[in-house]
Amino acid sequence: MNGYKDIYTVVTNERKVGGAVEVDELRLRSGEVFRNVVIMSIEAAEKGTYMVGFVTEDGRRYIAHTSDISLMVQPTHKRVKDLRNPVAREELMKRRLKYLRRFLEVNEGNDSFLIRQEVKQLVSDIGFENVRLAELDTPQMEALQTTLRIA
């Protein structure tokens, strides 16, 4: 990540890109320091200024203007399964599993290349073990395993 534009691109294209942006250390201008924060939203305002929404390891949520952020150490794009922030990992995992479940329901019986790619991307983001533990019903799980063998 080289700046807010890169972070904005990852966060706004979350479904296509997968994963999330995790920052090793974020320091506010007020002096507060947070470790392993995950950027949950970023909004561009007038003249390229940004508002950043992030969640801390203890579940606190903040919205800060970029002028209030004095330092971001090592912002990195990571798969959801690899996030160190347990609160964000759990929330994003639930979102992805809900989306996967619904996606498989809507596309039941359809086995196109695009559907296989979408499923493959989701599973690589959250991990097959987490998908298995989510106990998707049998037809969905069979379709998922077939898709992963093909892909």
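The values are calculated or read from the model by the stated rules, or taken from the named source; none is laboratory data. The model shown is predicted, which means the values in this text are computed figures rather than measured ones. Counting neighbours? That spans all protein chains shown, and the Cβs are built from the backbone with ideal geometry, glycine included. What goes into the accessible areas is simple: the full protein's heavy atoms, side chains included, and nothing from ligands, DNA or RNA. Shrake-Rupley method; radii C 1.70, N 1.55, O 1.52, S 1.80 Å.
Quick check: net charge around ASN130, other residues with Cβ under 13 Å of its Cβ, Lys/Arg +1 and Asp/Glu -1?
+4
If you find the alpha carbon centre of the range 1-77 and of the range 78-124, how far apart are they in angstrom?
Result: 22 Å between the Cα centres.
Provide the descending list of Cα extents for the chain along its principal axes, expressed in whole angstroms.
Projected onto its principal axes, the Cα set of the chain covers 53, 32, 21 Å.
With every protein chain kept in place and ligands, DNA and RNA left out, what is the accessible area per residue of the chain? Probe 1.4 Å, answer in Å².
On a per-residue basis, the chain sits at 58 Å².
Counting Lys and Arg as +1 and Asp and Glu as -1, what is the net charge of the other residues whose Cβ lies under 14 Å from the Cβ of ARG60?
Numbers: positive: ARG35, ARG61; negative: GLU32, GLU57, ASP58, GLU91.
It works out to a net charge of -2.
What do you get for the angle between helix 86-106 and the principal long axis of the chain? Use alpha-carbon atoms, 0 to 90 degrees, nearest ten.
Taking the Cα atoms of the chain, the angle to 86-106 is about 40 degrees.
With respect to the cross-link table entries LYS16/LYS47; LYS5/LYS78; LYS5/LYS94; LYS5/LYS47, which display a Cα-Cα separation exceeding 20 Å?
LYS16/LYS47; LYS5/LYS94
To the nearest 10 degrees, how steeply does helix 113-126 sit against the main Cα axis of the chain, on a 0 to 90 scale?
Once rounded, the angle reads 50 degrees.
Can you list the residues, at least 5 places off or on another chain, whose amide H is less than 5 Å from the amide H of SER70, using H built in the peptide plane?
Here the answer is ARG27, LEU28, ARG29, since their amide H atoms fall under 5 Å of that of SER70.
How long is the gain from LYS98 to MET1 if the chain were fully straight, where each residue apart is worth 0.36 nm and the alpha carbon distance is subtracted?
On the way: separation 97, 0.36 × 97 = 34.92 nm, distance 2.82 nm.
The LYS98-MET1 span can extend by a further 32.1 nm.
Tally Lys/Arg at +1 and Asp/Glu at -1 over every other residue whose Cβ is under 10 Å from the Cβ of LYS81; what's the total?
Net charge in that neighbourhood comes out at +1.
Need one number: nm distance between label points at THR9 and GLN117, each 7 Å from Cα along Cα→Cβ, rounded to one decimal.
1.8
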